[in-house]
Structure formats: structure tokens, C-alpha cells
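Here the structure comes first, spelled out in C-alpha cells, and everything after it is commentary.
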Amino acid sequence: MQSATVENPLRAGLDAERMPPPCAVVIFGASGDLTRRKLMPALYNLALEGLLPAGFTVVGFARRAMAPSEFRAQIRDAINQFSRRRPVDPGTWEAFEQGITYVQGTFQDVADYARLDQELRRIDRERGTRGNRIFYLATPPTQYETIIDNLGRAGLNVPAEPGSWTRLIIEKPFGRDYQSAVALNDHLLRIFAEEQIFRIDHYLGKETVQNVLAFRFANGIFEPIWNRNYIDHVQITVAESLGLEGRGDYYDQAGALRDMVQNHMLQLLCVTAMEPPIAFEADAVRDEKVKVLRAIRQIDPKRVNEMTVRGQYGPGWVGGQPVPGYREEPNVAPNSVTETYVALKLFIDNWRWAGVPFYLRTGKRMPRRVTEIAIQFKHVPHPLFRGPAAASMEPNVLAIRIQPDEGISLKIAAKVPGPLIRLRSVNMGFLYGTSFMVESPDAYERLLLDCMLGDSTLFTRRDETEAAWRPITAILKGWAEAPPPRFPNYEAGTWGPREADEFIARDGRAWRQP
Ligand code: BG6
């Protein structure tokens, strides 16, 4: 038997620190999109880096009857198509595929979980995985409770042998609103303990998101100005040029607020706004994020239109290609009122952020893909340079580019060379690509590894998930009560509805053009 570990002497010291113990990962929903696009490519890249433990094994679990060899062939295709590094490296693949197997079963039938248990025991014996297991729920959320219940009935929720561990990774969407998230948490916690549950938000696995914490808390010079005394406002943008990518069924029930804001964008807000944790450890970090979420001022559902703007794209052009409108996408209702764009203004009612608006916007079918956090500082207290000399001067902006072109830039005023005093804004910048010359791992690589190591710092805790749903649920309530806007109200390939520009202009501000 071979292990998936690839020797890489240059990484020896580093790997020793991060090498997880032998374990098996069971993927529920093994024939789904997430498995193909993200999970298996991530595991394969970990194997390439030599970061998987000896005997590491993946068990695909899904309804379709298929031989393990067929499942392996599917995975190989998926890696060739979606892996960060491709095509498949034959040497790594040979070892990796020995650790891939498949169990055919239905999520509803507890007898299939008993067979899964048998298979896991065989793997423990033959591959030395020592009873350590991760169950990954990569299914539609309607299946979560059934799978969790059956794992419990089959006794798979508790460690298989003394000293071993059992963990559960659960994907978003985690509930549809505050009440359903609480209900799902109650259900989960009847069968698993909180330390076993890893609620995934892949934005936290992005290098650049983690770098926000490094930037803020490993540099002494920014923290003193990171507050209401110096910051005018914060803009968080997550723009996507893609449309639905065949996910109409799911998306039409979700919408941008649930799909992006409740999780990814509020996590970006948390890392920007949180207080320094007492240690870089799971509970210390999450305690601080929960405090931010709890401090978000509740939006009065009756005044939801003063604090939010909804949009939905019509037909248009993206990247030089004509694209259909949202209502023409497959599996979307022809009169759908689901939002594909949302802009909102939030206040964090605490000492640091009193009175500083956080503007968030996200949309599908925008002109470009860009995610950034922009901190806009206040104007200088006494303007020495006025009139034409300073006409093209803008306030300082610190822009943290999460993706693509990852980096950080600071906009500052500089004197234009010449005999006159004329000022212009210029950028000081750091780019990941040029500073480090290495490609960042995919978010799932980091998060899967962390779960194998039992580190839940970058996963969301129960109270955090629920706290994130509170403001979102108030907005959903307000939207349900207000008449729906006239959709579509922006053309695909534009930066969103006109109302969003008017919304921020009412505060005397403007969206950045990233
Ligand atoms: C997912 C959403 O969670 O995040 C998708 O469901 C979205 O709709 C995706 O496209 C964006 O992730 P990334 O990593 O491409 O920014």
C-alpha cells in the first residue's frame, strides 16, 4: 500500500508542524459539483504538496451505483479540469488514487450507513487511518438533517476507537434565516458536539482574508488609526462577472443576500472591524467576531429601503459576449423577484466604529470579478492646498484586494513634479504575486487541512452563525413586506442599479470603481 504523501525535502520543517494524523474523509454528495470543482482538486493539491498523512483515504458516498474505479476516473477528470495545478501528475495520482473509494447508498437508509461503517473499519485496518474520520456534507441543505440523524443512528457520530476523532464539515447555506439556523444548530448539537462541527465559509480560507488579520495585528502603525476618529467609511465589494453557472434551482430560492452577504461578506466585515483577539486561537478569534456581529445595528424592517438596494440583472454584455437576463436563466422563475445584486449600509454600534458606515455591495454579472475591502480615511483637518492645485486630490484610501490581483494599496496625495504646487493622488502598493512569487493555495486546501488538524479558527461557531443571521433576517422581513422593486433594474455587464449610486450619493459619498 502506498501513501499519498510526496517527499519534498524543502518543506520538511514546515510540514512536520502541519502534518495531520492519518484519517479518512467521507464525502456525502460525492457526485456533486462541489466535490468535482473544489474538494477533490483541493485534496489532490494537498497530496502534491506532501501535506496529506500516510494512508489518507477519501470515501465517496452517493446514490448512483458505480464501481470505485469509475469514481476514481471521474475524480481524475475533475482534477484535470479544475485543479490549481494540472494536468494530473502521474506519480502523485498513483498514490492518491489508492486512497479513493466509493460506497453506493441513499441518504435515507440507515442500513447504508452500517455498510459505510464496515467500509471505514476495513480502511482503518488496511490503511491505518486509526478510526479518525471527517464526514463532509456536500449535499443540498435539504439532506443535512437526514444524514446527521442517520450518522447518529449508525453510531458514526462518536469516535470509532479510544483516542480517535470524528468531525463533521457542513457547507453553506446554513439555514434560510435566523430561526432555521437556530433549528439546524439544535438538531446538529443533539447528535454532534460543537467541537466536532466545522461550519465552512470558504472566504475564511482565502489567503488574502487571513492577511487582513496579519495586516492589522502584525503591524503597529495601522491599528491606532483604525477607528471612527480617522476612518470616514468602509466599502466592501464582492463583484462577480459570472451568472448562475447552472445553479438556478438553488439561487432562485436564495438570492444575493443569503448567498453572499450573510456569510462571506459579513466575514469580511468581521475581519475588518473586530478587536484584536487575545490569541490567534479558535475561540479567541471567534469571540471577537461574534462581538462585531452582535454590535451590528438592527435594521428596522419598515425602513429597509433606506438601508438597502436590491437589483436583478437583465440581458446585457459581459466580456464582449451577450448574456441572458436572470429571468431567462435555466431553472429561474420567469417572474422571479430574487435579487442578484444587493447594496446595504450597516453601522457597528461600539466604541471603535460609532457613526462609521460600512457599505456592502455584491452582484452577479458585473463588468469584472473583484473583491475588495476599501477603508476610506477622513479629509485632512485643515486643507492647506485648495482650488485648482488640489482639484484632483482624493482622500486616503487603503484598498485590500482580496481577488484577483491580490494585494494592498494606499492612495496618497503627492506633488506633481514642476515649478507649481499641484497635487495628485497616487498609489503605494504591495502585490502578492510580485512580493512572494508563489501561487496561493485554494481556500478549500487550507480549510480541509485545518479540519484534519482539528483547528476550527477559520470555521464559524454556533453563536457566530446565528448572530450573522440576525441582521439579515430583519432585512428579509423588510423586503417581504415592501413592494418588490421593478426587476430587472440593471443590465448585465454594468455596476448595478442606478438606485445603488443614488443610495450612497445621499450620504455625500460614491462607490469606488475598482
Ligand atoms: C459561493 C456562492 O459561496 O461563493 C456563489 O454560492 C459564489 O454564488 C461563490 O459565486 C464566490 O466564491 P469565490 O471564491 O469565487 O469568490
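The values are calculated or read from the model by the stated rules, or taken from the named source; none is laboratory data. Small disclaimer: the values here were computed from a predicted structure and weren't measured. Note that we place each Cβ from the backbone using ideal geometry, even for glycine, and neighbour counts take in every protein chain shown. Each accessible area value is taken on the protein alone, full model and side chains, heavy atoms only, with ligands, DNA and RNA left out. Shrake-Rupley method; radii C 1.70, N 1.55, O 1.52, S 1.80 Å.
Considering only protein heavy atoms and a 1.4 Å probe, what is the carbon-and-sulfur percentage of the accessible area of the range 362-480?
Values: 3470 of 5770 Å².
Heavy-atom surface of the range 362-480 belonging to carbon and sulfur, 1.4 Å probe: 60 percent.
How much accessible surface area, in Å² rounded to 10, belongs to the heavy atoms of T494 with a 1.4 Å probe?
T494 exposes around 50 Å² with every protein chain in place.
With a 1.4 Å probe and all protein chains in place, put W226, W165, W495 in order of accessible area, largest first.
Numbers: W226 0, W165 40, W495 60 Å².
Of W226, W165, W495, the descending order of accessible area is W495, W165, W226.
Any idea how far the Cα center of the range 301-365 sits from the one of the range 45-115, in Å?
So the separation of the two Cα centres works out to 37 Å.
Whole-Hz ³J(HN,Hα) for each residue in the range 29-37, computed from phi via Karplus 6.51 cos²θ - 1.76 cosθ + 1.60 with θ = phi - 60°, x for glycine and proline: what do you get?
The phi angles translate into x, 5, 9, x, 5, 4, 4, 6, 7 Hz.
With every protein chain in place, what's the accessible area of R76 (1.4 Å probe, Å², nearest 10)?
In the full protein context, R76 sits at about 90 Å².
What does the charge add up to near D33, with Lys and Arg as +1, Asp and Glu as -1, over the other residues with Cβ less than 9 Å from its Cβ?
Numbers: positive: R36, R37, K38, R247; negative: E245.
With Lys, Arg at +1 and Asp, Glu at -1, the net is +3.
Considering only protein heavy atoms and a probe of 1.4 Å, how much of the accessible area of the range 115-256 is carbon and sulfur, as a whole percent? Could the numbers behind the result be given before it?
Details: 2760 of 5610 Å².
Accessible surface attributable to carbon and sulfur in the range 115-256 totals 49 percent.
Got a sec? Charge dipole of the chain, +1 on Cβ for Lys and Arg, -1 for Asp and Glu; which of T457, G155, P324 is way out at the positive end?
P324
Given only helices, namely DSSP H runs of n ≥ 4 each adding -39500 (n - 2.57), what is the per-residue ellipticity at 222 nm of the chain, to the nearest 500 deg cm²/dmol? Write out the running numbers ahead of the final one.
Numbers: 16 runs with 169 residues, N = 514.
Mean residue ellipticity, 222 nm, calculated: -10000 deg cm²/dmol.
Decide, for the range 170-282, between rounded, prolate and oblate: order the square roots of the alpha carbon gyration tensor eigenvalues as a ≥ b ≥ c, take rounded if a/c falls under 1.5, and otherwise choose prolate if a/b is larger than b/c, else oblate.
Working: a/c = 2.27, a/b = 1.39, b/c = 1.63.
Because a/c hits 1.5 or more and a/b fails to exceed b/c, the range 170-282 counts as oblate.
Label the chain by shape, choosing from rounded, prolate and oblate, from the square roots a ≥ b ≥ c of the eigenvalues of the Cα gyration tensor; if a/c is under 1.5 it is rounded, and otherwise prolate applies when a/b is larger than b/c, oblate when it is not. Could the numbers behind the result be given before it?
Working: a/c = 1.84, a/b = 1.55, b/c = 1.19.
Because a/c hits 1.5 or more and a/b exceeds b/c, the chain counts as prolate.
Quick one: what are the phi-derived ³J(HN,Hα) couplings along the range 39-46, Karplus 6.51/-1.76/1.60 with θ = phi - 60°, whole Hz, x for glycine and proline?
Computed from phi, the couplings for the range 39-46 are 5, 5, x, 5, 5, 4, 5, 5 Hz.
Keeping every protein chain in place, order V426, V292 by accessible area at 1.4 Å, biggest value first, i.e. largest first.
Working: V426 55, V292 5 Å².
Descending accessible area places them as V426, V292.
State in Å² the accessible area per residue of the chain; use a 1.4 Å probe, count heavy atoms of protein chains only, and round to the nearest integer.
Working: 22500 Å² over 514 residues.
Solvent-accessible surface per residue comes out at 44 Å².
Can you give the accessible area of Y178, probe radius 1.4 Å, in Å² rounded to 10?
Here the accessible area works out near 50 Å².
Where does each of K302, K206 land when they are ordered by accessible area, with a 1.4 Å probe and the largest first?
K302, K206
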